[in-house]
Amino acid sequence: MQNNRKSNSMKNILNSFSGITLIALVVTIVVLLILASVSITVVFGDDGILQLAKEAGEKTDEAVQGDKENIGNATNYIKSLSWDTSKVTAVTTKDGAIVPVPKGFVGSEVDGENTIKDGFVIYEGDSAVTNENVETSNAREERNQFVWVPADGVSLEYKQDKETWKNNAYGYNDYTDWTDNEELERRQASVSKYGGFYVARYEAGVPESKDYDNDTNYQEKSNAENRNRSDVEEKDLPASKKGLQSWNYVTQKVAKELSSKMYENKESVRNSVTSRLIDSYAWDTICKWFSNSGINVTDSTLWGNYLNTSYKIKGLYAQHIYNATNDWEETEDNKNYKKTDKPFGIPSGRNDEYEKNNIRKCYEVVTGITVVDDSNNEIYRNRAKNIYDFAGNMWEWTTEIREEHDGMNETSYAVMRGGSFSSNGDFNPASVRHGGNPDSGFDRPIGFRPVLYLK
């Protein structure tokens with residue numbers, strides 16, 4: 001009997017320990033789960049370690065970039081001491097940089113146009129451009145404008161960069177011997193001496209198109225026969241002004257000739273600058289400049305005029321329809337530029353229409369088009385660093401080229417950049433390289449953009 005009591009007592013004690021052990025296990029698991037939850041929150045939460053580390057890294061990158069810009073400003077100041085004052089004037093921007101303004105141009109004093117950060121703008125001519133007179137004087141419509149690219153060798157290098165943007169290329173990566181060496185040493189010497197170069201603020205525009213006040217026959221003004229020629233009078237040379245029809249239907253050869261003639265014979269300017277078609281070094285440098293500032297050059301849908309973008313415009317535009325047989329529709333509606341004083345919405349989802357009906361409606365816009373929000377307020381779109389349509393609207397020829405020799409035959413390929421109104425901003429962003437026929441001067445969406453190198 002006594003032994004039975006001892007046995008039952010032992011069982012009760014063991015059962016008690018078992019219950020305690022189970023409870024302890026459950027409590028331990030709960031505590032571990034809580035700790036795990038806390039740990040996950042601490043590590044992965046909005047204010048977690050990883051997020052804080054990411055923000056710290058971003059701030060470090062910003063600080064490093066800021067330091068580079070400050071060093072670059074100091075470098076340009078030192079360089080400015082040896083600049084030829086008969087060719088350039090050293091101008092201090094609102095954010096403290098020293099910029100060489102070529103003779104025949106003036107630095108903008110307009111808010112948003114007088115800093116390196118936003119894109120420092122120069123205007124052709126000798127009269128000041130200020131907040132008070134920029135609109136009343138029609139400076140943007142009447143005077144060529146260029147934007148300074150601060151390639152000081154510290155914050156930004158002037159270099160060809162195929163590697164960074166190699167994923168944004170087609171009809172190009174199959175080859176390895178693309179070159180852009182024409183006058184390379186002279187270009188590099190100019191950039192090194194002055195700490196940068198100037199790029200046209202707008203795509204090359206046709207001066208006569210400023211007369212498009214109403215519906216105007218688009219084909220007659222812009223066909224290949226009239227547009228694709230370099231023997232034009234000085235008044236008809238390409239312009240970098242707001243509100244012009246982009247100069248398209250042009251071969252690479254003609255684009256190069258027209259760009260070089262822009263200031264070749266202009267007395268007030270020709271001794272200070274050399275104009276030429278934009279090269280791959282300049283294009284890649286600008287892409288890097290944008291990217292350093294957080295501007296997306298590998299998907300430019302949000303700031304370029306593409307097939308898959310949508311926004312509201314006021315001013316001149318041309319609608320084009322690309323049909324199922326890959327041809328442009330030549331209806332009257334597609335030949336005419338149209339003017340809208342009320343906001344006109346370029347519809348989104350244009351690709352959806354193409355997928356359903358096998359047609360694309362595309363919208364070509366004039367340079368520096370006025371874009372408005374839902375309250376009809378002017379907003380800044382289609383631009384970065386004060387440079388307009390670097391992404392979309394027109395493919396733009398560059399001087400980069402490849403010569404292919406096959407026995408007795410010689411074939412040339414040339415590079416165009418940036419995509420167009422008939423392509424997508426993710427597939428053909430600002431950084432895209434596309435190899436094409438340099439004699440392809442019969443396409444609406446191919447234009448060009450000049451640059452200026454200081455002498």
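For region 254-310, what mean projected area does the convex hull of the alpha carbons give, in nm²?
Mean shadow area of the hull around the Cα atoms is 6.1 nm².
How do Glu157, Glu400, Glu410, Glu233 rank when sorted from fewest to most other Cβ atoms within 10 Å of their own Cβ?
Starting with the residue having the fewest Cβ neighbours, the order is Glu233, Glu410, Glu157, Glu400.
In units of 2.2 N^0.38 Å, what is the alpha-carbon radius of gyration of region 330-455?
Cα-based Rg divided by the globular estimate yields 1.28.
Taking N as the number of residues in region 402-441, what is its Cα Rg relative to 2.2 N^0.38 Å?
Here the answer is 1.46, to two decimals.
What are the extents of the Cα atoms of region 249-356 along their three principal axes, listed from largest to smallest and rounded to whole Å?
Answer, in whole Å and largest first: 54, 38, 33 Å.
Anything over 27 Å Cα to Cα? Flag those among Lys103/Lys193; Lys261/Lys338; Lys193/Lys385; Lys256/Lys342, in the order listed.
Lys261/Lys338; Lys256/Lys342
Mind checking the alpha-carbon convex hull of region 356-427 and giving the volume per residue in Å³?
Residue-normalised Cα hull volume stands at 167 Å³.
Ranked highest first by average number of other Cβ atoms within 10 Å, how do 289-296, 97-104 line up?
Listed from highest to lowest mean packing, they are 97-104, 289-296.
For every other residue with a beta carbon closer than 12 angstrom to the beta carbon of Glu109, add +1 if it is Lys or Arg and -1 if Asp or Glu, then tell me the sum.
Spelling it out: positives minus negatives among the neighbours equals -2.
Once the mean 1/r over all distinct Cα pairs of region 131-213 is inverted, what Kirkwood radius in angstroms do you read off?
Kirkwood hydrodynamic radius for region 131-213: 16.6 Å.
For a protection proxy built on the mean count of beta-carbon atoms within 10 angstrom, sort 440-453, 367-380 highest first, please.
In decreasing order of mean packing, 440-453, 367-380 become 440-453, 367-380.
If you put +1 on each Lys and Arg Cβ and -1 on each Asp and Glu Cβ, how big is the dipole of region 396-455 around its Cα centre, in Debye rounded to 20?
400
Once the other residues with Cβ under 11 Å from the Cβ of Ser422 are scored (Lys, Arg +1; Asp, Glu -1), what is the net sum?
+2
Read the figures in this text as sums done on the coordinates, not as results from a lab. All figures in this text were calculated on a predicted structure; none of them were measured in a lab. A quick note on method: Cβ atoms are made from the backbone with ideal geometry, for glycine too, and the neighbour counts reach across all protein chains shown.
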